[in-house]
1. Would you point out which residue out of 336, 362, 304 is at pLDDT 95 or above and either touching a Gly at 6+ places or on another chain (Cβ under 9 Å) or among the basic types (Lys, Arg) (or both)?
2. Within the set of pairs 6 or more residues apart or between chains, which connect a residue that is among the β-branched types (Val, Ile, Thr) inside segment 366-379 to a residue that is not in a loop (DSSP other than H, G, I, E, B) with Cβ atoms less than 8 Å apart?
3. State which residue is modelled with the highest pLDDT when the search covers only segment 151-188 and only residues that are among the hydroxyl-bearing types (Ser, Thr, Tyr) and more than 22 Å from the chain's Cα centre (by Cα).
4. Applying the selection to segment 256-299, what residues are without any contact (Cβ under 8 Å) to a residue 12 or more places away in the chain and closer than 27 Å to residue 34 by Cα?
5. Based on what the data block shows, is residue 348 surrounded by fewer than 12 Cβ atoms within 10 Å (Cβ to Cβ) and either hydrophobic (A, V, I, L, M, F, W, C) or not in a strand (DSSP E or B) (or both)?
6. State which residue is nearest to residue 299 (Cα to Cα) when the search covers only segment 254-268 and only residues that are part of a loop (DSSP other than H, G, I, E, B) and out of contact with any helix residue (DSSP H, G or I) (no Cβ under 7 Å at 6 or more places or on another chain).
7. Whether any residue in segment 258-271 is of a type outside the set (Ser, Thr, Tyr), over 14 Å from the mean Cα position of the chain (by Cα) and not assigned by TED's automatic domain parsing to the domain that holds residue 8 is what I want to check.
8. Name the residues in segment 5-54 that are assigned to a strand (DSSP E or B) and either assigned by TED's automatic domain parsing to the domain that holds residue 118 or of a type in the set (Gly, Ala, Ser) (or both), would you?
Amino acid sequence: MDVLMPQLGETVLEGTVAIWHKSAGDPVEKGEMLLDVETDKAATEIVAPASGVLSSINVPEGETVDVGTVLAVIAVEGEVAAETAPASAAAVTARDAPKSAPAGLPARSGGGKISPAVRRLLKQHGLDIADIAGSGRDGRVTRQDVLDHIDTGASADSAAATADRIEFDRFRKITAEHMVRSKATSPHVLQAIDVDFTAVDAVRTVKKDDWKKDKGYSLTYLPFVARAVCLALAEFPKVNASVDGESLLVHKDINLAIAIDLNHAGLVAPVVRDAGSSSVSGLAESFNDLATRARTKRLSADDLQGGTYTLSNPGPFGTLFTAPIINQPQVGILSLDAVKKRAHVVESDTGDSIEIRPVGILAHSFDHRAIDGAYSAAYLQKLKTIIEESDWNTEF
């Protein structure tokens with residue numbers, strides 16, 4: 001059975017083999033970890049798709065290959081292995097032999113191998129791996145561990161030498177390429193609307209303490225907005241769509257991609273599938289699960305595929321207004337900025353008044369090829385109405 005380079009995200013075309021945790025000839029069990037793969041979107045552990053013997057490793061550590069490339073072959077009992085092994089025994093031996101580390105750097109850390117990216121960082125900054133605490137599996141030092149070590153000033157001399165220039169790493173380079181490609185592909189239009197979150201707070205403030213005690217994490221505004229998005233998209237389906245050539249593919253299911261910050265080391269956008277069938281409480285649990293797994297590098301290839309609409313949530317950082325970039329090939333992305341108490345005009349039959357209300361701005365970037373401003377504006381108005389007028393108690 002072939003082990004293939006997975007597609008870790010809709011726009012990801014290649015991946016780098018970071019670490020092999022098995023060698024050719026080793027027995028493997030289905031679900032057992034085989035290797036780590038790094039892309040611009042995430043670092044992901046790839047597990048064995050079947051039980052058997054790892055008969056060959058076709059791609060060595062540090063090599064970048066296209067999605068779909070055969071990384072290795074597992075000989076499964078009763079199955080004829082595909083002829084994808086290297087052409088000679090010498091090639092197998094060369095690829096499976098332990099990789100020697102650069103001079104002065106150990107090949108292993110905390111009982112596990114270190115990735116090529118970690119080796120490069122250690123060499124670049126003249127660091128001793130023994131001085132860095134590892135947060136990876138079995139205490140392995142990760143790239144983020146090295147970056148954190150540098151940021152805390154533990155290697156002041158090295159940091160000073162590069163204080164005026166920070167080279168883009170591979171993650172940042174490809175992320176930049178995707179952002180530029182999106183702006184070049186889609187004629188972006190931005191619309192925004194301010195929303196009164198009083199109805200949301202009437203429920204959230206009552207439930208948030210017990211929620212935090214029971215669940216271990218906060219009940220934020222995000223799942224309320226996400227639920228409202230799902231309800232609004234049902235009435236404005238052209239926002240839940242993708243551009244395909246000169247056609248618009250309107251998706252039947254609402255698969256919400258959620259932009260998650262990886263501790264300032266990049267972004268990923270894992271997906272909640274069929275989000276339209278979930279309540280606020282269900283969406284909150286899904287978001288927390290995805291965020292936890294994203295920041296501990298436990299997202300699967302499936303988690304990063306199939307999104308039809310994206311939510312970005314910079315609000316916890318106190319932002320007022322954000323113009324997000326569309327996640328290709330989708331046609332829309334919504335940003336939720338900070339909800340804060342503001343002086344707000346309240347209209348009523350007895351007259352207008354100014355009251356202190358929790359208000360936040362929702363900003364929608366859309367692809368003008370797919371929809372026009374009036375359609376997007378109507379969608380935003382529907383979203384505002386749902387948030388402001390719904391009985392949110394029914395969602396718990």
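1. Working: 362 fails: either touching a Gly at 6+ places or on another chain (Cβ under 9 Å) or among the basic types (Lys, Arg) (or both); 304 fails: at pLDDT 95 or above.
The unique qualifying residue is 336.
2. 371/238; 371/239; 371/332
3. So, considering only residues that are among the hydroxyl-bearing types (Ser, Thr, Tyr) and more than 22 Å from the chain's Cα centre (by Cα), the one modelled with the highest pLDDT is 152.
4. Within segment 256-299, 261, 289, 292, 296 qualify.
5. yes
6. Here the answer is 259.
7. no
8. Scanning segment 5-54 gives 15, 18, 43, 52.
The values are calculated or read from the model by the stated rules, or taken from the named source; none is laboratory data. Since we're looking at a predicted model, the values are computed, not measured. Positions of Cβ are backbone-derived with ideal geometry, glycine not excepted, and every protein chain shown enters the neighbour counts.
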